[in-house]
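Student: Can you read through this structure? Questions will come right after.
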Amino acid sequence: MSDTHAETVAFVRETMLPQKAPPASTVGPLGWAKANLFSSYVNGALTILSAAFIVFVLYEILPWLISPTWEGTSLTNCRELLAAAGDDRGACWGVIRERWQQLMFGFYPRTEYWRPVLTFIFLLVAIAPILFAQFVPAKVAYFSALFPFIAVWLLWGGTIWGPVLALLGFVVGFVVFRYASRAIAPALALAAGVVAAIIWWSVITPFVEPDLSRILPIGIRSVQSREFGGFMLSITIGVTAIMCSLPIGILLALGRQSDLPLVKSICVGFIEFIRGVPLITLLFVASVLLNIFLPPGTNFDIILRVMIMVTLFAAAYMAEVIRGGLAALPKGQYEGADSLGLDYWQAQRLIIMPQALKISIPGIVSTFIGVFKDTTLVSIISMFDPIGLSNAIRADTAWNGVYWELFIFIGFVFFVFCFSMSRYSMYLERKLNTGHR
Amino acid sequence: MKKSVFFGALTVAGLAAGAAAAATLDDVKARGKLNCGVATGVPGFAAPDAAGEWAGFDVAVCRAVAAAIFNDPKAVEFIPTTGKTRFTALASGEIDMLARNTTWTFSRDTDLKFDFVGVNYYDGQGFIVPKALGVSSAKELDGATVCIQTGTTTELNLADFFRINNISYEPVPIETNAEAQQQYLAGACDTYTTDASGLAATRSTFEAPGDHVILPEIISKEPLGPLVRHGDSEWGDIVRWTFNALVAAEEYGVTSANVAEMSSAPGDNPEVNRLLGTEGDLGAMIGLDAAWAKNAIAAVGNYGEIFEATIGESTPIGLARGLNAQYTNGGLLYAPPFR
């Protein structure tokens, strides 16, 4: 260090001062509160008002929620329990204790509850390769392909040969397609495969199945669709509609943009018709109108009818969501695909769809959530979804008059499902980084 | 589900006409189960318990018919129907009979092509008011606010009643019974009106049922009964006479407790003997075995037993017999002779 300024400057600090702690009012909970809650008089007033409101609501609701009625056997019994505990009012949770299994499984036979539970676990496994592709071995996808057949067999029971033969139909169709495509044009080979599969299902299966079931009676107890109910019914309908509506929706969206007038008008007509009609109407068609048109004694399962209607309904909405994604893609992407010499399907598969679907994720998941919640509408056509069951439970003289407890429970379970879907969608968006940032 | 669907829809479509005319009894016997339409849930009349077993006043009629045919009250497939789906379910053959507190009206019997086989409950529209209101007759309800379910016959009956008595009211439209209960208790209306049996069931759920009274006026006729399709009178006869057997059993003192003993040998009342099949061959006339009525009574009890067990004064619903007593006790129940 030089002495040049030694006389002119009285003091020169030779070391850095250590950092001081920030003032107490700007750190810790106090600082956070000051910055976020009380940054101005208006904010401070709003904070106090909101806090008072929350405390008031909790003060009113919590004592009601926390009530010693878990063991109650009827509404009257609940009231006695409350009176014994010195509360004048409170929830009657006994109804949930007695009926939660019914709310979950409907009238499914008690001894068979493991089947829907197992199906649900299989469902989680089956969708894992789609949802968390990087964590799950790709081989699991084979299980995903088998899952629909396993699920149908587990849920409805009966002989194992029905689902097995149905699965073999796909195998037959595929084999025919493979061999035919060596000889004839791919489109013709595809048609041949489809025809072969249809022949298998409609001609060979009905012949073979009764005999097979007799010779090798492998099967589990058969369960009627009428015995389905509660959340199991909602999830069965919801998951089917969700799984089927996405591919159908993609095809409809592509069809709507097609240059072929026939394809285009069919797709537009379908989408606009379905979107122009309330779901309730479609459900009534499924339950009431088809009954009149179909011959008496026809065994056209009501759940299957409802599934088809809900799927079509969801597919129309899905098509429009995906069309939004397609419209958002710059034209250069399409031209780029063309310039690479890709044909239509290659371009869609490799370039267009990955980007369009990525953009549409929030819309797609919204539609999924909407469809899942819409399944409660089936209570109108006398199917026992959770809402329908809550009515039936109230018709029991023991529980007549119980409203909030049932609705809170149903709402809570729905929230768990819908919220997980929504969180997953946010995770997926972050992972795929859809923002074009 | 599965392939039967595909076939049903495609191939059988052309053969529709023939199947419809087949006798319902044969279909039921071939199926091994009675398909009976019930309500999705009406307190006392039809409700599933925690194990999924249906029980109630209407349900008992289904069980009685199943017992008469199969000697097994469990051989019933209960098909829940709503007010909107019940008639199509019956007309399309999805159900063999409907026992779902359905009012017997002219147009339902004729235009909708159904046959009501009897009346298992004589109901009527009534009013419930809080005691504190100090009203003892519906005619004193001038200017009252009335909770009323929209789109039902009760709405029309209400308008008629107030017009005839030249008094005014203010309707509070509500959608469901559940909503009505909440609105009424919250004081949104002075009185709630619906079928008297429904009012009794509703009142039984209140914290203080004694603070509310059901007014004596019944302003409409609501004969509720089981019904079947037009076109198969033999099947209608089976349901009608099974129900009549329950009513007659009460009149002659046959109960589920003593029916086994009374039917073991012919007694001294020939009517009871014919009813229980120890004399004559009434069962064969309707295509059932001789013990059909005995089986029905043994399974569910006579009319009075069913009433007491499901909606009577010993249950929370607490309905008095009133019009639904035997004619010998001043009611309207009057079973034609078994002869």
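Student: May I have the pair-distance distribution P(r) for region A:19-61, computed from all Cα-Cα distances with 10 Å bins from 0 and rounded to whole percent?
Tutor: 28, 35, 26, 9, 2
Student: Same structure, new question: Need the C-alpha centroid separation for region B:155-232 versus region A:188-209, integer Å.
Tutor: 58 Å
Student: While we're here: Rounded to the nearest Å, what's the spacing between the alpha carbon centres of region A:348-419 and region A:233-253? Just the number, please.
Tutor: 14 Å
Student: How large is the convex hull of the C-alpha atoms of region A:111-197 per residue, in Å³?
Tutor: Values: hull volume 9.7 nm³, N = 87.
Enclosed volume per residue, from the Cα hull, is 111 Å³.
Student: A further question on this structure: Taking 1 over the mean of 1/r across every pair of different Cα atoms in region A:289-437, what Kirkwood radius in Å do you get?
Tutor: Values: mean 1/r = 0.0526 Å⁻¹.
Final number for the Kirkwood radius of region A:289-437 is 19.0 Å.
Student: Given a 1.4 Å probe, show me the residues in region A:293-339 buried by at least 10 Å² of accessible surface when comparing the whole protein assembly to the chain alone.
Tutor: The answer is A:294, A:295, A:296, A:298, A:299, A:300, A:301, A:304 - residues whose exposure falls by at least 10 Å² when every protein chain is included.
Student: Right, another one. Two decimals is fine: what's Rg over Rh for region A:1-110, C-alpha atoms, Kirkwood radius as Rh? Write out the running numbers ahead of the final one.
Tutor: Working: Rg = 31.8 Å, Rh = 20.8 Å.
So for region A:1-110, dividing Rg by the Kirkwood Rh gives 1.53.
Student: Which one, B:63, B:108, B:229, has the greatest fluctuation when you compute a Gaussian network model over chain B with C-alpha springs under 10 angstrom?
Tutor: B:108
Student: Shifting gears a bit: Quick one: accessible area per residue over region A:43-107, 1.4 Å probe, rounded to a whole number of Å²?
Tutor: 59 Å²
Student: Once every DSSP H run of n ≥ 4 in chain A is given -39500 (n - 2.57) and the sum is divided by its residues, what mean residue ellipticity at 222 nm do you get, rounded to the nearest 500 deg cm²/dmol? Before the final figure, lay out each step's value.
Tutor: Working: 19 runs with 292 residues, N = 437.
Dividing the helical sum by the residues of chain A leaves -22000 deg cm²/dmol.
Student: Could you tell me the total accessible area buried at the B-A interface, probe 1.4 Å, in square angstrom to the nearest hundred? Mind showing how you got there, number by number?
Tutor: Values: alone 16010 and 26370 Å², together 38740 Å².
So the total buried area for this chain pair works out to about 3600 Å².
Student: Any idea what log10 I(q)/I(0) is at q = 0.13, 0.15, 0.19, 0.20 Å⁻¹ for region A:200-276, Debye with uniform C-alpha scatterers and no solvent?
Tutor: -0.76, -0.85, -0.91, -0.93
Student: Region B:174-269: which GluC sites (Glu not before Pro) are DSSP loop and have at most 11 other beta-carbon atoms within 10 angstrom?
Tutor: Loop-located and lightly packed - B:175.
Student: Further question: Given contacts defined as C-alpha pairs under 8 Å and at least six residues apart, what's the relative contact order of chain A, whole-number percent?
Tutor: Values: 427 pairs, mean separation 69.4, N = 437.
Relative contact order for chain A comes out at 16 percent.
Student: Considering only C-alpha atoms, what is the centroid distance from region A:311-344 to region B:270-339, in Å?
Tutor: 69 Å
Student: Using alpha carbons only, what's the Rg to Rh ratio of region A:63-139 with Rh from Kirkwood? Intermediate values should be presented prior to the final figure.
Tutor: Details: Rg = 20.1 Å, Rh = 15.6 Å.
So for region A:63-139, dividing Rg by the Kirkwood Rh gives 1.29.
Student: In the Gaussian network model of chain A, springs joining C-alpha atoms below 10 Å, which of A:18, A:386, A:295 carries the largest mean-square fluctuation?
Tutor: Answer for the Gaussian network model of chain A: A:18.
Student: Also: At q = 0.15, 0.25 Å⁻¹, what is the base-10 log of I(q)/I(0) for region A:323-368 according to the Debye formula with one equal point scatterer per Cα and no solvent? Please give it to two decimals.
Tutor: For region A:323-368, the Cα-only Debye profile gives -0.38, -0.84.
Student: Charges on Cβ only, +1 for Lys and Arg, -1 for Asp and Glu, centred on the Cα centroid of region A:224-301; of A:283, A:236, A:263, which one is farthest towards the dipole's positive end?
Tutor: Of the options given, the answer is A:263.
Student: What longest range of chain A stays clear of loop-exposed GluC sites (Glu not before Pro) (DSSP non-H/G/I/E/B, at most 16 other C-beta within 10 angstrom)?
Tutor: Details: sites that count: A:7, A:14, A:71.
Here the longest run is A:72-437.
Student: Further question: Rounded, prolate or oblate: which fits region A:162-239 when a ≥ b ≥ c are the square roots of the eigenvalues of the alpha-carbon gyration tensor, with rounded for a/c under 1.5 and prolate only if a/b beats b/c? Each step should come with its number before you reach the end.
Tutor: Numbers: a/c = 3.66, a/b = 1.67, b/c = 2.19.
Oblate shape, in that a/c is at least 1.5 and b/c is the bigger or equal ratio.
Student: Let me see the pair-distance distribution of region B:89-200: every alpha carbon pair, 10 Å bin width, integer percents in order.
Tutor: Binned Cα distances yield the sequence 12, 39, 29, 16, 4, 0.
Student: A follow-up question, please. By the scheme Lys and Arg +1, Asp and Glu -1, what is the net charge of all other residues having a beta-carbon under 15 Å from that of residue A:341? The partial results should precede the final answer.
Tutor: Values: positive: A:349; negative: A:335, A:338, A:343.
With Lys, Arg at +1 and Asp, Glu at -1, the neighbours total -2.
Student: Go ahead and set up a Gaussian network model of chain A, Cα springs under 10 Å, then flag whichever of A:48, A:199, A:274 fluctuates most.
Tutor: Fluctuation is largest for A:48.
Student: Might you tell me the accessible area per residue for region B:59-161, computed with a 1.4 Å probe and given in Å²? Each step should come with its number before you reach the end.
Tutor: On the way: 3740 Å² over 103 residues.
Per-residue accessible area for region B:59-161 comes out at 36 Å².
Student: Hey, another quick one. Give me the dipole magnitude in Debye, nearest 20, for region B:89-204 about the Cα centre, with unit charges on the beta carbon: positive for Lys and Arg, negative for Asp and Glu. Write out the running numbers ahead of the final one.
Tutor: Numbers: 7 positive and 15 negative charges, 56 e Å.
In total the dipole reaches around 280 debye.
Student: Per 10 Å bin, what is the whole-percent P(r) computed from every C-alpha pair distance within the protein assembly as shown?
Tutor: 2, 10, 17, 20, 18, 13, 9, 5, 2, 1, 1, 1, 0, 0, 0
Student: How big is the C-alpha Rg of region B:41-144 next to the rule-of-thumb value 2.2 N^0.38 Å, as a ratio? Before the final figure, lay out the partial values.
Tutor: Details: Rg = 17.8 Å, N = 104, 2.2 N^0.38 = 12.8 Å.
In units of the globular-protein estimate, region B:41-144 measures up at 1.39.
Student: Which net charge results when you count Lys and Arg as +1 and Asp and Glu as -1 among the other residues whose beta-carbon is under 11 Å from that of residue B:196? Please list the in-between numbers first.
Tutor: Details: positive: B:203; negative: B:123, B:195, B:217, B:222.
The answer is -3.
Student: Ignore the peptide's own chain and count Cβ atoms of other chains within 10 Å of each Cβ in B:91-102; give me the average, rounded.
Tutor: Taking the mean over all residues of the peptide, I get 2.
Student: Can you pull out the chymotrypsin sites (Phe, Trp or Tyr not before Pro) in region A:217-315 whose DSSP state is coil and whose Cβ has at most 11 other Cβ atoms within 10 Å? If you can, show how the numbers build up before the last one.
Tutor: Numbers: sites: A:228, A:231, A:270, A:273, A:284, A:293, A:300, A:313; in loops: A:228, A:300.
Counting only loop positions with at most 11 other Cβ atoms within 10 Å, none of the chymotrypsin sites (Phe, Trp or Tyr not before Pro) in region A:217-315 qualifies.
Student: Under 11 Å from the Cβ of residue B:78, count the other residues' Cβ atoms, weight Lys and Arg +1, Asp and Glu -1, and hand me the total.
Tutor: On the way: positive: A:226, B:33, B:63, B:74, B:100; negative: A:227, B:53, B:58, B:77.
With Lys, Arg at +1 and Asp, Glu at -1, the neighbours total +1.
Student: For A:25, B:137, give the ranking by accessible area with the largest first, probe 1.4 Å.
Tutor: Values: A:25 50, B:137 20 Å².
Heavy-atom accessible area, descending, gives A:25, B:137.
Student: Given the options A:215, B:185, A:104, identify the residue whose Cα lies farthest towards the positive end of the charge dipole of the protein assembly as shown (+1 on Cβ of Lys, Arg; -1 on Cβ of Asp, Glu).
Tutor: My answer, from the dipole projection, is A:215.
Student: For region A:123-275, with only Lys/Arg (+1) and Asp/Glu (-1) charged at the beta-carbon, what is the dipole magnitude about the Cα centre, in debye rounded to 20?
Tutor: Details: 9 positive and 5 negative charges, 33 e Å.
With only Lys, Arg, Asp and Glu charged at Cβ, the dipole is about 160 debye.
Student: For region A:338-425, max minus min Cα coordinate along each principal axis, in Å, sorted largest first?
Tutor: Projected onto the principal axes, the Cα atoms of region A:338-425 cover 72, 27, 11 Å.
Student: If the only charges are +1 at each Lys and Arg Cβ and -1 at each Asp and Glu Cβ, what is the size of the charge dipole of chain A around the Cα centre, to the nearest 20 debye?
Tutor: Details: 29 positive and 25 negative charges, 138 e Å.
Roughly 660 debye for chain A.
Student: Here is a follow-up. When N counts the residues of region B:209-269, how does its alpha-carbon radius of gyration compare numerically with 2.2 N^0.38 Å, as a ratio?
Tutor: Details: Rg = 18.6 Å, N = 61, 2.2 N^0.38 = 10.5 Å.
So the Cα radius of gyration is 1.77 times the expected 2.2 N^0.38 Å.
Student: Something else now. Name the lysines eligible as straight-distance cross-link partners of residue A:373: C-alpha to C-alpha under 25 Å, and not fewer than 8 places from it in the same chain.
Tutor: Reachable lysines: A:358, B:84.
Student: Still on this structure: Inverting the mean 1/r over all pairs of different Cα atoms, compute the Kirkwood radius of region B:248-339 and quote it in Å.
Tutor: 13.9 Å
Student: Across the residues of A:386-392, average count of Cβ atoms on other protein chains within 10 Å?
Tutor: On the way: counts 0, 0, 4, 3, 2, 10, 11.
Per-residue shielding by partner chains comes out at 4.
Student: Determine the order of B:29, B:84 by accessible area, beginning with the largest, at a probe radius of 1.4 Å. It would help to have the intermediate numbers written out before the result.
Tutor: Working: B:29 95, B:84 140 Å².
Result of the area sort, largest leading: B:84, B:29.
Student: Please identify the trypsin sites (Lys or Arg not before Pro) of region A:82-182 that satisfy two criteria: DSSP loop assignment and at most 13 other Cβ atoms within 10 Å. Which are they?
Tutor: Values: sites: A:89, A:97, A:99, A:110, A:139, A:178, A:182; in loops: A:89, A:139.
Within region A:82-182, the qualifying trypsin sites (Lys or Arg not before Pro) (loop, at most 13 other Cβ atoms within 10 Å) are A:89, A:139.
Student: OK, next. I need the Debye-formula profile for chain B: one equal scatterer per C-alpha, no solvent, reported as log10 I(q)/I(0) at q = 0.06, 0.07, 0.15 1/Å, two decimals.
Tutor: The computed values of log10 I(q)/I(0) come out as -0.24, -0.33, -1.24.
Student: Next up: After finding the eigenvalues of the alpha carbon gyration tensor for chain A, what semi-axes result from the square roots of 5 times each, listed largest first in whole Å?
Tutor: Details: eigenvalues 513, 322, 93 Å².
They are 51, 40, 22 Å, listed from largest to smallest.
Student: Run the 1.4 Å probe and let me know the accessible area of residue A:15, rounded to the nearest 10 Å².
Tutor: Near enough 100 Å² of accessible area.
Student: Could you give me D for region B:141-229, from Stokes-Einstein at 10 °C and 1.306 mPa s, where the hydrodynamic radius is the Kirkwood radius over C-alpha pairs? Units µm² s⁻¹, please. Each step should come with its number before you reach the end.
Tutor: Details: Rh = 13.9 Å.
Result for D is 114 µm²/s.
Student: Taking every residue in B:316-326, how many Cβ atoms of other protein chains lie within 10 Å of its Cβ, on average? Provide the component values of the computation, followed by the final result.
Tutor: Details: counts 7, 2, 1, 0, 0, 0, 0, 0, 0, 0, 0.
The mean count of partner-chain Cβ atoms within 10 Å per residue comes to 1.
Student: Please report, as a whole percent, how much of the solvent-accessible surface of the protein assembly as shown comes from carbon and sulfur atoms (probe radius 1.4 Å).
Tutor: Details: 25030 of 38740 Å².
Carbon and sulfur together cover 65 percent of it.
The values are calculated or read from the model by the stated rules, or taken from the named source; none is laboratory data. Just so we're clear, the structure is a prediction, and the values are computed from it rather than from any experiment. So basically every Cβ, Gly included, is an ideal-geometry build from the backbone, and we count neighbours across all protein chains shown. Heads up: the accessible areas ignore ligands, DNA and RNA and are worked out on the full protein's heavy atoms, side chains in. Shrake-Rupley method; radii C 1.70, N 1.55, O 1.52, S 1.80 Å.
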